[in-house]
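The values are calculated or read from the model by the stated rules, or taken from the named source; none is laboratory data. Predicted, not measured: the structure shown is a model, and the values here were computed from it. Note: ideal-geometry Cβ built from the backbone for every residue, glycine included; neighbour counts use all protein chains shown.
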């Protein structure tokens, strides 16, 4: 029973912390927020060299390592197509057994994204309505995908569409005729999403198998839920640290505000939420790597718990700061918005609470105790 | 990170599980509870963390956690002499004299002598160090007068660990000493207090010039506060996972009832609002499980959980209140029935404290957890000041005093 990270994992975390606190300073983040591409190519290439883009494909690394990196990204509000490429697309490709595109992703030569959501807000296969109609030598796609992360800089897009007997995932060049990308402006300016419209788009390459698209998207969404939890964890950790620091130096009524129980207790509750979020995130990551019978439950627990906890902590941070925390110049909103962005994606807290309940009811307690606890 | 149990742990768990399948307590009476502890002791499940030379098992935290979990899973009560085993005995092991250890420790394990902790007073609750019960030297003895309150197990106790003021002329933390007190001696009067549950597990204890023999002081005169801090600091290792097991059993039972209990024309389990709330509880209980693993991981490495103890206590005690409130919300007026609950709606099983547990008892009992052993507010002060290093609040009793 060991909940501590291995030496290698600690080294990776330190490496990532050092890298993102250098490459993703608030100044850099603020510059990229206004930049239409929204990321820095030289940082991207360095991440490739460090192996951060190839975690999914690396047999020696797992979800724990992935979470450690995302944790640090959340802490520094890193801007770029990392989640879209190295988590979503890479997980989907890995689930499909791909070995041609994955190495390119790892090498930093290919940016990719995955298009799941449509008009309806649902992470269930039934919500996939976009049609892929079989034609002579492939399929023809028609419809609109929403909230496609970083599609505006992606080279490839994986898209899940409805086929005769289920869903199917296709991979396309973003330059394919009939495919158009319309960028949104997110409340979180550090993240870019787009609506992607398909008009008579020819799709020839299937990821995984025809009609079995959810065997690719399902495992991807599970990793995405844990990954999002890790990134939210980083953001909330930063918000807590800033609040505690501020409460020590901000004086009112002749004393630091952290001396007042109203503020002290708010900070104590932040630590409770951060510690629990850490436990939930890394337990889920471990369970995923160890293929435990409760891995799906743990992923839902992590996304449900951390979504709520990050909302609470990041919100409380603004409250502890008062007026300064509500200004654009102060950095708090970068992390507040980053956490908020991820709250709504890959299943929100309501969705994962329902999943958690279903999974708990399916698992007899005796058995679980014997196998796991 | 590796949260798997070793094959040895699994084998141990199977052994423990078989044992609990074959052994049940006789009943609920004091003598039954003592006999049950004796049975547990003979099986090696009492004082597991104590050193062997004092009758313990030198067991690993993991083994203790497994036994606590299996006990919870079997729905049987733990050892009756809980304070002695978890707190008082270990303090005596560290700070007691050879004679004290020989005299008291073994009988704590076998429940031959039950112990209570004489700490809180009417005017000294969260601010324990302001206690007023005094012990004055008289020849070789100490003469004790004053009053304690909220003393758990006092009505059943043979001995108590007493914190009393032996020097009123020094700062409050330094004038306190630690004693072993014979609860049957003539100057001691125990008046049971009825709790909101209707049970009387705690009491007021009055000392009317009770005499304590000189050899019953623990440690040095004036060292009481320091020793009490070690007592308060002893970690209750595997208890968190046992709590999880009880919550899970509770939640499962509630979910089962929700399959048939009709709310507005549909089974409660089909109501999305009920499902959301059950789901939230399932999530929170799982998170407690992971917190339990983190503590166990530290204990297994011989580290003392620091801030985790306060965070853990704050979380599980507040969680229990939310959980029991959820039960009440879902069961509606049924949740409040102490008698007359229709068949099929009972909680069933046996509770934490040995009584047949019930929804009403659990609901009421959940109010205690955020008060005893350092209230939630005190835990937040500890987290804020000792962990986050926020400035300590100015306190009237820390102001420089003139005179005395």
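Some points to look at:
- When residue B:44 is tested against (1) within 21 Å of residue B:239 (Cβ to Cβ); (2) buried (at least 18 other Cβ atoms within 10 Å of the Cβ); (3) modelled with pLDDT of 95 or more, exactly one condition is not met: (2).
- Within the range A:46-150, helices (runs of 4 or more DSSP H) holding 3 or more residues that are buried (at least 24 other Cβ atoms within 10 Å of the Cβ) and out of contact with any strand residue (DSSP E or B) (no Cβ under 7 Å at 6 or more places or on another chain): A:63-75
- Reported count of residues in the range B:280-308, each being without any contact (Cβ under 8 Å) to a residue 12 or more places away in the chain and more than 7 Å from every other protein chain (Cβ to nearest Cβ), is 4.
- Summed over the range B:297-318, residues that are crowded, with 20+ Cβ neighbours inside 10 Å and either touching a strand residue (DSSP E or B) at 6+ places or on another chain (Cβ under 6 Å) or modelled with pLDDT of 95 or more (or both) total 5.
- Looking only at residues in the range A:171-204 that are in contact (Cβ under 8 Å) with a residue 60 or more places away in the chain and more than 22 Å from the chain's Cα centre (by Cα), the one that is surrounded by the most Cβ atoms within 10 Å (Cβ to Cβ) is A:198.
- Only a single criterion out of (1) within 13 Å of another protein chain (Cβ to nearest Cβ); (2) free of Cβ contacts under 8 Å to residues at least 24 places away in the same chain; (3) under 19 Å from the mean Cα position of the chain (by Cα); (4) under 30 Å from residue B:391 (Cα atoms) is not satisfied by residue A:287, namely (4).
Let's see how each residue does on (1) within 14 Å of another protein chain (Cβ to nearest Cβ); (2) at pLDDT below 90; (3) buried (at least 17 other Cβ atoms within 10 Å of the Cβ):
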position: B:221; (1), (2), (3): no, no, no
position: B:224; (1), (2), (3): no, no, yes
position: B:227; (1), (2), (3): no, yes, yes
position: B:243; (1), (2), (3): yes, no, yes
position: B:256; (1), (2), (3): yes, no, no
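- From the list A:271, A:221, the one residue that fits, being closer than 26 Å to residue A:87 by Cβ and touching a residue at least 12 places away in the same chain (Cβ under 8 Å), is A:221.
- Considering residues of the range B:377-397 that are part of a helix (DSSP H, G or I) and either over 14 Å from residue B:317 (Cβ atoms) or without any contact (Cβ under 8 Å) to a residue 12 or more places away in the chain (or both) only, the residue nearest to the other protein chains (Cβ to nearest Cβ): B:384
- Residue-level check: of (1) crowded, with 21+ Cβ neighbours inside 10 Å; (2) facing another protein chain (nearest Cβ under 8 Å); (3) more than 22 Å from residue A:344 (Cα to Cα), residue A:280 misses just (3).
- Lone qualifier among B:79, B:61 - being in contact with a helix residue (DSSP H, G or I) (Cβ under 9 Å, 6 or more places away or on another chain), crowded, with 19+ Cβ neighbours inside 10 Å and away from every other protein chain (no Cβ under 14 Å): B:79
- Residues being assigned to a loop (DSSP other than H, G, I, E, B), modelled with pLDDT of 75 or more and either over 21 Å from residue B:69 (Cβ atoms) or at the interface with another protein chain (Cβ under 8 Å from one of its Cβ atoms) (or both) - total across the range A:343-373: 5
- Residue count, the range B:194-215 (criterion: crowded, with 18+ Cβ neighbours inside 10 Å, closer than 17 Å to residue B:161 by Cβ and in contact with a helix residue (DSSP H, G or I) (Cβ under 8 Å, 6 or more places away or on another chain)): 3
- Selection from the range B:258-271 of residues that are assigned to a helix (DSSP H, G or I), away from chain A (no Cβ under 12 Å) and in contact with a helix residue (DSSP H, G or I) (Cβ under 7 Å, 6 or more places away or on another chain): B:268
- Restricting the range A:247-263 to residues that are surrounded by fewer than 24 Cβ atoms within 10 Å (Cβ to Cβ) and facing chain B (nearest Cβ under 7 Å), the residue that is farthest from residue A:349 (Cα to Cα): A:256
- Taking the range B:9-30 as the range and being modelled with pLDDT of 95 or more and out of contact with any helix residue (DSSP H, G or I) (no Cβ under 9 Å at 6 or more places or on another chain) as the test, the residues that pass are B:11, B:15, B:18, B:22.
- Some residue of the range B:224-243 being in a loop (DSSP other than H, G, I, E, B) and farther than 30 Å from residue B:300 by Cα: no
- When A:274, A:301 are screened for being crowded, with 24+ Cβ neighbours inside 10 Å, modelled with pLDDT of 95 or more and either closer than 25 Å to residue A:247 by Cβ or not assigned by TED's automatic domain parsing to the domain that holds residue A:70 (or both), only A:301 passes.
- Residues of the range B:1-41 that turn out to be crowded, with 17+ Cβ neighbours inside 10 Å, within 14 Å of chain A (Cβ to nearest Cβ) and in a helix (DSSP H, G or I), as a count: 5
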